[in-house]
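A.B. asks: The structure under discussion is supplied below as structure tokens; questions concerning it will follow.
The values are calculated or read from the model by the stated rules, or taken from the named source; none is laboratory data. Keep in mind the model is a prediction, meaning the values are calculated, not measured. Cβ sites come from the backbone with ideal geometry, for glycine too, and all protein chains shown count toward neighbours. Surface areas here come from the heavy atoms of the whole protein model, side chains and all, with no ligands, DNA or RNA. Shrake-Rupley method; radii C 1.70, N 1.55, O 1.52, S 1.80 Å.
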Amino acid sequence: MNNLGLKLKDLGRYEEAEEINRRTLEGIEKNVGPDHPSTYSTISNLGLILGELGKRDEAERLFRRLLDNSLKTLGPDKPETIKAMHNLATILQHQGNLEEAQSLNQKVLEMRSKTLGSGHHGTLTTMNNLAVTLRDLGQYERSEEMQRVAMEGREKVLGQKHPDTLVTISNLAMVLQDLKKYHEAEKLHRRVLEGREEVLGPDHPHTIDSLSYLADVLQLLGEYDEAEILHRRALEGREKVLGPEHPKTLFSINGLAEALEKLGRYEEAEGMYRREIEVKERTLGPDHSSTLIVVNNLAIALRRWGRLSEAKELLRHVMKMGRKALGSEHQQVLLAATNLGIVLQDMKEYDDAETMHRSVLQVREETLGLEHLETLQSVQGLAAALRDLERYEEAEEMQRRALDGRERLLGPEHPDTLNSIYHLALLFQSQGREGELEQTTRCALESTEKAYGPSHPDTLLCMSKLASMMHHRGKHAEAEKMYRRALHIREKALGPVHSDTLDSVNGLAHVLDDSGKLEAAEEMYERAVESTEKSLGPEHPDTLRNISHLARVLYQQGKVIKAEKTFRRALDAREKTLGPEHPDTLRSVDSLAVILRGLGEYGKAEKMYRRIIEHKEKTLGLDHEDTLEYVYDLWGILQDLGEYEEGEKMHRRVFEVLEKTLGAEHHKTLASIFDVGTALEFQGNHAEAEQMYRRVLETGERTFGPDTIETLTAMRAVAIALYHRDKVVEAEEMFLRALQGCEKGLGPEHPETLGAVENLAGMLQELGRYDGVEELYRRSLETREKPLGFDHLSTYGTLRRLAILHERQGQFLMAGQCYQQAAEKLSANFGKNHPDFIRCSELSAKLKKIRSISQEPDSYANLQTVSNIATEAAEVGSKVTARVGANRSGTPDRSGWTVRLVQRMSLWGGGRRRQER
């Protein structure tokens, strides 16, 4: 009977083997008693079978009983005792009791090496098991070294295709996977699969395991189509052999769900997750820890798909069920709370996110200690929440605590330590601490390169992050160089369509885009679209994201019609695959609205913005930051349509909501007051606009201080309202006060200071007081060009205003030179085929004609011609400014010195730009 049970086990027929072994054990115990040595082999076999069936708690009890009896009756050095210790270690490892498993395996290895020799099959088996435990403990290099020794020994003793040899090869492949040596892991998994199909047959559970393992590594290599096929084969095999409710069957469902998600087939993936949940709820109960794990996984997936509200509700459900059944300190409850904190951050509910992260941290500190790795994970989560709340000192204290703890526990080169360094760099970036930002990221790269080598995936990831930082700082040449290096290595190691390779392609494209190398950026985006279409399909979210990037760069080059078609392609596909209210779909609506506005189709653009606002208000509320951003976009359209009164009503409604929910002195409330003032200003109601601006100014001085950017922005707005009310002396005093405040509080080179300089210059120019105006404009121009370079587009407006100053003074030669320089800037940013460059060149040519006519003998006809051409040139200049103003962000740069100021400032509006990057 016992031999029959072993045979059935070897064939993978575990349920039958369990029944035979239970009957055998009952018979022996009845005859000789439960503790007799003749029961030992049957107990051992039954324990192994129960382990294969996932009944590990019962298996652990049997092995502990067997070990206790063996120690009492046989002694510690007998083979039966050592075997019992070995089997207990194996089941403990599966139970997650890794420290005890490692200790037992180490004892067994020492005893077997001593009694059997290092090359004995039993010694090699223990070595294999100890290596697996080391892998589970994160000691990957030690594990790899031990697995290679075990593999060579087993190949020599048992042969290359023996089932035990194949087990060791499979384990080696998995630790190579952990070390991100994916190609070598793939080769070994394929070798094991072929060997098991030949030796054990295609339906053996171990063969099916190999299908699943190979699918996993293919997924990591970006081979999603083949991964899906293998996951489906594994699922079908496990359903047939193990049944639809076996843990390994459910594992295959989960693996298939992940593969489908990678392929962008979210509906099918969700179906798989829900199928797994349904089985676990039925078999284990809705509050079982294993059930809650899967619900948590679905919530995380929903978050990735942009369905944040659903993710939030699922995580709250997990926490409620978990607290009731498992206790508030259970790891599943704490994991769900951590994930809920992250979702709340995504939803910009920062205060609630902070509360959630603090509650998890408090429990982990009390139960695990201050230095436990999970505690440090909570410390870092809290740091991120504090960063979102702009409480930077507290955030830095927490982030440094996480970093210091991980350096002590894991070492300076561990990926988690490097992740903490990256988050510290993000904190520096949020505060504008550019020098520390760069230094921190460079140190992380140097540490990673030293530990893993220049071509290791972690090194390349760190290099990409540094390139991103350089890009953010405007060091485009260095960022481009890094992205190209990472792309070259990834393309060679991973292939042209791997997700990491495409990340480098996109990063390089973004840098080229922002460097003004638009044709090269277009080429990169086209490559990204082609690659994702080939590997993921034409409707995959990554493909559609790349199509959107391509459309944007086409628009920046003036290829407006082609850009519109490309944006519509992305929008149509997203509406079909993701639904009309998905965040990515709404981003496409936003992008298309920008295009339509640039084409002058204001009515269509207005409808699109109203569609977005309606959804945002319904899901987030009118007072949410995202909703308010789109409200401002709609305000821009209403300005284009001249519907200022409706814009005023809209802003007053926003103000009423914000005042009620956030209070009268909150920065968002003040922003809405500022917007009401802007709407009044456009309607010519300068007196009431001044009142609004003064309210913001008085509150700003009291709340933020007299020399802060918020206060100074409001001061400039008051000055402009005074000027429009013909209170020129007061306006000039206010402008000078704002300029002095900017210089004192922000520094002479701050963009806000330069804005104040140009405001003052513009007013003096309008009043015909030209003395000193050129000096002010040139100060602004030279200061802007110093950090940004001659070709940067933001210097264009200043140069154009300087040209207008020369033109009004009859200095046509100097005006023409300024317009020519402006044309060169446009050419550098958009190319010579861009309509704005063409129009600006026309303007320069017209001024040249003015000079030639003005040099001829005076006559009334000549003077009239000069006047007409000058007027025409000014009109062309306005058209160019309007078109350049409709920039990539979709927010027009209203370059008139008054209009430019009264547009909503980023500091009052919370900052933006929405970009698919």
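A.B. asks: Leu781 - would you say it is modelled with pLDDT of 85 or more, open to solvent by less than 50 Å² (accessible area, probe 1.4 Å) and in a helix (DSSP H, G or I)?
C.D. replies: In short, no.
A.B. asks: Also, quick follow-up: Among the residues of the range 275-321, how many are of a type outside the set (A, V, I, L, M, F, W, C) and over 20 Å from Pro247 (Cβ atoms)?
C.D. replies: 11
A.B. asks: Okay, next question. Would the range 537-549 turn up any residue that is open to solvent by 10 Å² or more (accessible area, probe 1.4 Å) and closer than 17 Å to Leu445 by Cβ?
C.D. replies: no
A quick yes/no check of all residues on (1) farther than 20 Å from His498 by Cβ; (2) among the polar types (S, T, N, Q); (3) at pLDDT below 90:
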residue	(1), (2), (3)
Lys517	yes, no, yes
Ala520	yes, no, no
Arg527	no, no, no
Asp572	yes, no, no
Asp590	yes, no, no
Tyr609	yes, no, no
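A.B. asks: So which of Ile300, Ile277 is open to solvent by 20 Å² or more (accessible area, probe 1.4 Å) and β-branched (Val, Ile, Thr)?
C.D. replies: Ile300
A.B. asks: I'm trying to understand the selection: among the residues of the range 1-24, which are at pLDDT 75 or above, open to solvent by 60 Å² or more (accessible area, probe 1.4 Å) and farther than 17 Å from Leu242 by Cα?
C.D. replies: Passing the criteria: Arg22, Arg23.
A.B. asks: Quick one: count up the residues across the range 462-475 that are open to solvent by 10 Å² or more (accessible area, probe 1.4 Å) and of a type outside the set (D, E, K, R).
C.D. replies: Final tally of qualifying residues: 6.
A.B. asks: Quick one: how many residues across the range 281-295 are in a helix (DSSP H, G or I) and either surrounded by fewer than 21 Cβ atoms within 10 Å (Cβ to Cβ) or hydroxyl-bearing (Ser, Thr, Tyr) (or both)?
C.D. replies: Number of matching residues: 7.
A.B. asks: Taking the condition among the aliphatic types (A, V, I, L, M) and within 24 Å of Asp584 (Cα to Cα), does Met272 pass?
C.D. replies: yes
A.B. asks: Run down Asp77, Asp136 and say which single residue is among the charged types (D, E, K, R) and farther than 26 Å from Leu179 by Cβ.
C.D. replies: Only one candidate passes the filter, namely Asp77.
A.B. asks: Now a separate question. So which helices (runs of 4 or more DSSP H) stay within the range 60-179 end to end and still have 3 or more residues that are polar (S, T, N, Q) and crowded, with 19+ Cβ neighbours inside 10 Å?
C.D. replies: Fully inside the range 60-179 and qualifying: 79-95, 121-136, 163-178.
A.B. asks: Let me ask something else. Can you tell me which of Ala336, Ala353, Ala311 is in a helix (DSSP H, G or I), in contact (Cβ under 8 Å) with a residue 40 or more places away in the chain and surrounded by 18 or more Cβ atoms within 10 Å (Cβ to Cβ)?
C.D. replies: Ala336
A.B. asks: Could you tell me whether Arg801 is closer than 22 Å to Gly432 by Cβ and surrounded by 19 or more Cβ atoms within 10 Å (Cβ to Cβ)?
C.D. replies: Answer is no for this residue.
A.B. asks: Looking at the range 356-388, which of the residues that are open to solvent by less than 10 Å² (accessible area, probe 1.4 Å) and β-branched (Val, Ile, Thr) is nearest to Lys616 (Cα to Cα)?
C.D. replies: Filtering first and then ranking leaves Val360.
A.B. asks: Now for a separate question. Identify the residue in the range 436-461 that is under 18 Å from Gln399 (Cα atoms) and of a type outside the set (D, E, K, R) and, among all such residues, is most open to solvent (accessible area, probe 1.4 Å).
C.D. replies: By that ranking, first place goes to Gln439.
A.B. asks: Which of the helices (runs of 4 or more DSSP H) found entirely inside the range 592-688 contain at least 3 residues meeting this: of a type in the set (D, E, K, R) and open to solvent by 20 Å² or more (accessible area, probe 1.4 Å)?
C.D. replies: 602-619, 625-640, 644-662
A.B. asks: Continuing with this model, one more query. Looking at (1) under 16 Å from Ala402 (Cβ atoms); (2) modelled with pLDDT of 95 or more, can you tell me which one Arg364 breaks?
C.D. replies: (2)
A.B. asks: Of the conditions (1) under 23 Å from Ser41 (Cα atoms); (2) touching a Gly at 6+ places or on another chain (Cβ under 7 Å), Thr165 clears all except one; give me its number.
C.D. replies: Evaluating Thr165 over (1) under 23 Å from Ser41 (Cα atoms); (2) touching a Gly at 6+ places or on another chain (Cβ under 7 Å) leaves (1) as the failure.
A.B. asks: Out of all the residues in the range 25-59, which are open to solvent by 70 Å² or more (accessible area, probe 1.4 Å) and either among the aromatic types (Phe, Trp, Tyr) or under 29 Å from His204 (Cβ atoms) (or both)?
C.D. replies: Within the range 25-59, Glu26, Lys55, Arg56, Asp57 meet the criteria.
A.B. asks: Identify, by number, the condition in (1) within 25 Å of Leu599 (Cα to Cα); (2) modelled with pLDDT of 90 or more; (3) surrounded by 20 or more Cβ atoms within 10 Å (Cβ to Cβ) that Glu480 doesn't meet.
C.D. replies: (1)
A.B. asks: Does Arg694 meet the test of being modelled with pLDDT of 85 or more, over 26 Å from Thr798 (Cα atoms) and either open to solvent by 60 Å² or more (accessible area, probe 1.4 Å) or not in a helix (DSSP H, G or I) (or both)?
C.D. replies: yes
A.B. asks: Between a residue in the range 244-258 that is closer than 20 Å to Gly51 by Cβ and open to solvent by 70 Å² or more (accessible area, probe 1.4 Å) and any residue that is in a helix (DSSP H, G or I) and of a type in the set (A, V, I, L, M), which pairs come within a Cβ distance under 9 Å, given they are 6 or more apart or on different chains?
C.D. replies: These pairs meet every condition: Glu245/Val279; Phe251/Ala234.
A.B. asks: Over 21 Å from Asp640 (Cα atoms), in contact with a Leu (Cβ under 6 Å, 6 or more places away or on another chain) and either in a helix (DSSP H, G or I) or open to solvent by less than 10 Å² (accessible area, probe 1.4 Å) (or both), is that true of Val729?
C.D. replies: no
A.B. asks: Please determine whether any residue of the range 704-712 is under 23 Å from Arg725 (Cα atoms) and in contact with a Cys (Cβ under 8 Å, 6 or more places away or on another chain).
C.D. replies: Taking every residue of the range 704-712 in turn, at least one turns out to be under 23 Å from Arg725 (Cα atoms) and in contact with a Cys (Cβ under 8 Å, 6 or more places away or on another chain).
A.B. asks: Now for a separate question. Hey, Phe428 hits all of (1) aromatic (Phe, Trp, Tyr); (2) modelled with pLDDT of 80 or more; (3) over 28 Å from Leu389 (Cβ atoms) but one; which does it fall short on?
C.D. replies: In the conditions (1) aromatic (Phe, Trp, Tyr); (2) modelled with pLDDT of 80 or more; (3) over 28 Å from Leu389 (Cβ atoms), Phe428 misses (3) alone.
A.B. asks: Going by the structure shown, is Glu522 open to solvent by 10 Å² or more (accessible area, probe 1.4 Å), under 28 Å from Asn419 (Cβ atoms), among the charged types (D, E, K, R) and in contact with a helix residue (DSSP H, G or I) (Cβ under 9 Å, 6 or more places away or on another chain)?
C.D. replies: In short, no.
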